[in-house]
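The block underneath contains the structure these notes are about, expressed in structure tokens.
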Amino acid sequence: MKTTSREVQRVRHELKMRDVTVTEIRQLGNNMLGITFQGPSLADFVSLSFDDHVKFIFKDDTGEVVRRDYTPVHYDKQRCTLTLEFALHAHGAATDWARRAQVGTTAIIGGPKGSMIVPTNYDWHLLVGDLSSLPAITRRLQELPASTKAIAVVQINDVSDIRDIPSTANVDLQWVTTSEDVFAYIRDLDLPAGDGYTWAAGEGNTMKQLRSLLINEKHLPSSQLRIAAYWKQGTSDFHERLE
């Protein structure tokens with residue numbers, strides 16, 4: 001589904017829970033795993049936006065059911081497969097699950113409950129985030145049409161997490177190692193002419209500072225921003241929309 005204007009379109013989906021099985025595991029740098037799931041329940045899976053989230057449901061070491069949000073990175077309708085990317089933190093139930101996962105391991109995927117479709121026909125797109133939002137940024141860059149201008153700034157702690165992101169768009173991709181580097185790059189950035197859309201996600205405090213910078217220093221309209229806190233230092237299972 002595509003929009004023909006520059007208005008964000010919100011689409012609701014029927015909420016479904018899908019039993020899936022791991023069919024492939026790929027190491028994507030030192031701190032990210034790409035895990036592909038398969039199952040006949042994925043035959044009618046729908047994800048219309050890079051901003052979508054599914055609920056990944058699994059059992060931890062104690063047998064407790066855990067739910068975490070993940071970006072659907074790649075869906076293959078013919079093969080009934082869906083790929084998610086798992087950031088490998090030092091601790092955490094989802095990290096532990098991903099490290100132990102093997103081909104044949106089972107889980108449940110729910111959703112997405114809806115899609116927020118950001119039109120691709122803006123004059124430019126600014127994408128900002130860290131390792132947690134790299135799957136969404138990757139999907140967006142892969143889906144943007146040819147000749148579209150895109151600027152992406154990604155904060156990583158380990159240079160081994162730098163990856164090639166195939167895209168037909170005109171992409172300026174910057175990798176930085178601290179939040180201060182993110183802010184400095186954005187402050188010095190000469191934004192292209194015309195109307196643009198900015199999407200950003202990452203650590204809560206960093207995203208709040210970034211939102212203030214974009215609005216108060218870069219003078220971007222809040223109607224053309226979407227900023228979310230995917231995680232917060234010291235807190236598990238945290239997600240908050242800031243704009």
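Each value in this text was obtained by applying a stated rule to the coordinates, not by laboratory testing. Just so we're clear, the structure is a prediction, and the values are computed from it rather than from any experiment. Please note: Cβ atoms are built from the backbone with ideal geometry, for glycine as well, and neighbour counts cover all protein chains shown.
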Full-extension gain between Lys218 and Asp188, please, as 0.36 nm times their residue separation minus the C-alpha to C-alpha distance. 9.8 nm
Where Lys and Arg each count +1 and Asp and Glu each count -1, what net charge lies around Gly39 among other residues with Cβ under 9 Å from its Cβ? 0
Tell me the relative contact order for the chain as a rounded percent, counting alpha carbon contacts under 8 Å between residues six or more apart. 19
Build a GNM of the chain with springs between Cα atoms under 10 Å: which of Ala152, Ala193, Ala87 gets the top mean-square fluctuation? Ala193
What relative contact order, as a whole-number percentage, does the range 128-219 give when Cα pairs under 8 Å and 6 or more residues apart are counted? 31
Determine the alpha carbon to alpha carbon distance for each of Lys16/Lys77; Lys149/Lys208; Lys55/Lys208 and list only those over 19 Å. Lys149/Lys208; Lys55/Lys208
Rounded to the nearest 5, the percent of DSSP beta bridges in the chain running antiparallel is 60
